[in-house]
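A short write-up of the structure that comes next.
What follows is calculated from the coordinates using simple rules that are stated; it is not laboratory data. If you're wondering where the values come from, they're calculated on a predicted model, not measured in any experiment. Every residue, glycine among them, receives a Cβ derived from its backbone with ideal geometry; neighbour counts consider all protein chains shown.
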Amino acid sequence: MTRKEIDAFRDQLTVMLRRVDEERNRLKEEALQPVGGEASGGTSNMPTHPSDLGNRAYEEEVALGVLENEEFLIQEINEALARIERGEFGVCEACRKSIRKERLKAVPYARYCLECAKVQKS
């Protein structure tokens, strides 16, 4: 892989990292908002309706699940950037063969070639 191609992947990963980090921060704020009562600006310490609590709990659960995924992506992107710095980017961690550029364009933080990725999932 040429230096220009590696620089392009570094740029792509950096932009992706910034976007995912912003989304993670937004989700943290959303998931950790207080519900009902004085903490949210209400006059009572009781939420307005029990179904509101259920809806809020569900929304929080979904947000926390997405947040967990964002944390995973941030870790994978940071590790891909570290592989670039070590000169190991684009090399499958299992078979040590080159990862196809088409795969890296689709999933720039890929650790494995497509064949080894299939084996990892099974």
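Using R0 = 35 Å, the C-beta based FRET efficiency linking residue 61 and residue 114 works out to 0.60.
The Cβ shell under 13 Å around residue 20 holds other residues with a net charge of -2, Lys and Arg each +1, Asp and Glu each -1. Taking a Cβ cut-off of under 14 Å around residue 29, the surrounding Lys, Arg, Asp and Glu residues balance to a net charge of -4, with basic ones at +1 and acidic ones at -1. Residues whose amide H lies under 5 Å from that of residue 89, counting only those 5 or more places away or on a different chain, are 84; hydrogens are built 1.01 Å from N in the peptide plane. For residue 118, give me every one of the lysines with a C-alpha distance below 20 angstrom, ignoring sequence neighbours fewer than eight places off in its own chain. Within the straight-line cut-off, residue 118 pairs with 97, 101, 105.
Under the simplified labelling scheme, the residue 29-residue 105 pair shows an inter-label distance of 3.6 nm, with each label point 7 Å from Cα along Cα→Cβ. Distance between the 7 Å Cα→Cβ label points at residue 14 and residue 98: 2.4 nm. Shown in residue order for segment 67-73 are the 3J(HN,Hα) couplings computed by the Karplus curve 6.51 cos²θ - 1.76 cosθ + 1.60 at θ = phi - 60°: 4, 4, 5, 5, 4, 4, 4 Hz (x for Gly and Pro). Once both labels are positioned 7 Å from their Cα atoms along Cα-to-Cβ, the gap between residue 121 and residue 6 label points is 3.0 nm.
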